[in-house]
Amino acid sequence: MAAAGLLAAATAVGVIPASAQMKSKQFNILMLTDLSSVYSETSGPGDVEFAKMAVDDFGGKVNGVPINVIVVDNKLDPALSVNKAREIIDSQGVNLITDVSSSAAAIAIAKLANERHILTTFVSPGTTALTNEACGKYTWHYGYDTSAMSAPVKKMTQDGTKKWYFITADFAFGKSLLDSFSKAVKDNGGEVVGVDMVPFPNDDFSSYLLKAQAAGAEAIGILESGQDLRNAVKQAREFGLMDAGIKIVPGQLNLSDVKALGPDTWAGVNAALIWYWDLDDETRKFAKRFHDKLNFYPGDIHAGNYSAVYQVLKTVQELGTDDPDKVTEALEGRRFSDMFTKDALMRKRDHLVVKRTFIGQVKPASEVKNDSDFFTIVGSVPGDEAYYPEAESTCKHDW
């Protein structure tokens with residue numbers, strides 16, 4: 001549905017149900033995002049803008065109640081995230097928490113959200129813990145997880161790249177990536193020839209890259225994101241590893257990463273994408289609206305925040321209530337399509353949002369047509385294959 005269509009839809013759903021029973025006089029959305037640290041380009045202001053676009057497209061009200069977006073720079077700090085969230089919950093009330101940059105912060109927020117009965121959609125973090133040991137009634141893993149990010153590894157291993165070495169950020173997100181990527185290699189007949197756990201943040205990856213080369217790696221999974229990922233890939237290119245035929249696969253790759261180093265540094269690299277601004281006419285129209293305001297093209301995490309906010313608001317409108325228990329019940333098992341994804345499933349068992357994952361290959365600079373035309377989509381994986389099977393979830397679902 002294009003932007004104009006969404007506005008029309010918002011007008012249609014904007015009719016207040018006769019039975020509307022809102023507990024709050026204002027529907028407060030709390031965004032915990034990184035505005036000043038290493039993920040500020042991949043989340044941060046872009047996430048805020050897309051969340052506000054969703055509110056605007058909904059008409060600024062839900063069931064006659066004004067919608068308010070409260071933004072907190074969480075600086076990737078779990079304690080700061082929880083303390084600020086608790087303070088705002090107590091002083092202003094919160095109906096929805098979204099984004100939550102950093103997996104460690106998200107795990108901490110999940111506990112608070114479930115204790116305080118606050119709907120939460122995790123878009124930025126990737127750890128599978130959010131739908132396993134840290135799952136809960138009111139929390140949803142909305143954007144992506146590390147099992148989906150391993151899609152290129154599965155395909156490359158099946159296609160004959162058998163020897164893998166992993167350079168891994170030594171924190172929750174990196175460890176989750178390592179579990180998912182290693183499983184993808186082994187399940188598809190490959191071998192993990194080495195692993196290094198790397199302190200975060202880090203700017204010198206030379207010793208790890210040379211160890212991987214010496215180990216005979218055919219591919220190196222750099223299980224990092226943000227500036228650390230850029231440092232590692234830049235050094236891999238400088239050392240000639242890609243020219244020597246060693247394939248580089250990032251844990252998470254964003255438009256801002258490619259732009260920062262230039263596409264020729266990344267040329268030929270395959271990465272999992274949950275969304276891409278140039279997928280179709282609908283995504284391009286949304287990207288233009290975003291670009292007109294912020295002067296850069298949105299990434300997949302930005303777009304995920306639009307969808308998360310819009311789908312929750314839509315459900316609240318349909319039900320006529322912001323009661324978190326009723327909204328949760330309505331979301332469980334829900335299928336939806338919007339500009340972010342098509343025919344996604346909000347899995348009841350563990351509150352994982354299951355959706356198609358794309359495999360994007362970075363173009364060389366000679367093929368790039370504008371400042372963010374970086375990927376060629378070379379494949380896609382259906383949601384039920386991209387994410388770990390429901391039967392493997394350890395979520396107790398004891399609510």
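The values are calculated or read from the model by the stated rules, or taken from the named source; none is laboratory data. In this text, all values refer to a predicted model and were calculated from it rather than measured experimentally. Cβ placement follows ideal geometry from the backbone for every residue including glycine, while neighbour counts extend to all protein chains displayed. Areas reflect the complete protein model, heavy atoms only, side chains present, ligands, DNA and RNA absent. Shrake-Rupley method; radii C 1.70, N 1.55, O 1.52, S 1.80 Å.
Gain in length, Met197 to Lys396, computed as 0.36 nm per residue apart minus the alpha-carbon separation, to one decimal in nm? It would help to have the intermediate numbers written out before the result.
Values: separation 199, 0.36 × 199 = 71.64 nm, distance 2.99 nm.
Full extension of this stretch gives 68.7 nm more.
Relative to the longest principal axis of the chain, what angle (0 to 90°, nearest 10) does the C-alpha long axis of helix 226-238 take? For 226-238 against the chain, the angle is about 20 degrees. Distance between the pseudo-spin-label points of Asn295 and Asp384 (7 Å out from Cα toward the beta carbon): 4.7 nm. Taken one residue at a time, the phi angles of segment 359-367 give Karplus couplings (6.51, -1.76, 1.60, θ = phi - 60°) of 10, x, 10, 6, 7, x, 4, 5, 9 Hz. Gly and Pro are set to x. Relative to the longest principal axis of the Cα atoms of the chain, helix 281-294 runs at roughly 80 degrees. Taking Cα atoms only, the orientation of helix 103-116 departs from the longest principal axis of the chain by about 20 degrees. Shape class of segment 53-177 from the alpha-carbon gyration tensor: prolate, with a/c at 1.5 or above and a/b greater than b/c.
Take every pair of alpha-carbon atoms less than 8 Å apart whose residues are at least six positions apart; their mean separation over the length of the chain yields a relative contact order of 20 percent. Between the listed residues Met197, Asn83, Ser37, the Cα displaced farthest toward the positive end of the dipole of the chain, a dipole computed from Cβ unit charges relative to the Cα centre, is found at Asn83.
Let me know the longest stretch in the chain that avoids all trypsin sites (Lys or Arg not before Pro) found in a DSSP loop with at most 10 other C-beta atoms within 10 Å. List each step's numbers first, then the result.
On the way: sites that count: Lys25, Lys369.
Answer from the scan: 26-368.
Quick one: longest stretch of the chain between exposed loop GluC sites (Glu not before Pro), exposed meaning at most 16 other C-beta atoms within 10 Å and loop per DSSP? Between the exposed loop sites, the longest stretch runs 134-331.
For Gly251, the residues whose amide H sits under 5 Å from its own are Ile222, Leu223, Glu224, ignoring neighbours fewer than 5 places away on the same chain, with H placed 1.01 Å from N.
With a 1.4 Å probe and every protein chain left in place, work out the accessible area per residue of the chain in Å², rounded to a whole number. Don't jump to the answer; show the numbers that get you there.
On the way: 14960 Å² over 399 residues.
Per residue, the chain has an accessible area of 37 Å².
Give the Debye-formula value of log10 I(q)/I(0) at each listed q (0.11, 0.13 Å⁻¹), with one equal scatterer per alpha carbon of the chain, two decimals each. The Cα Debye sum returns log10 ratios of -0.75, -1.04. The accessible surface of the chain, taken with every protein chain in place and a 1.4 Å probe, is 49 percent carbon and sulfur.
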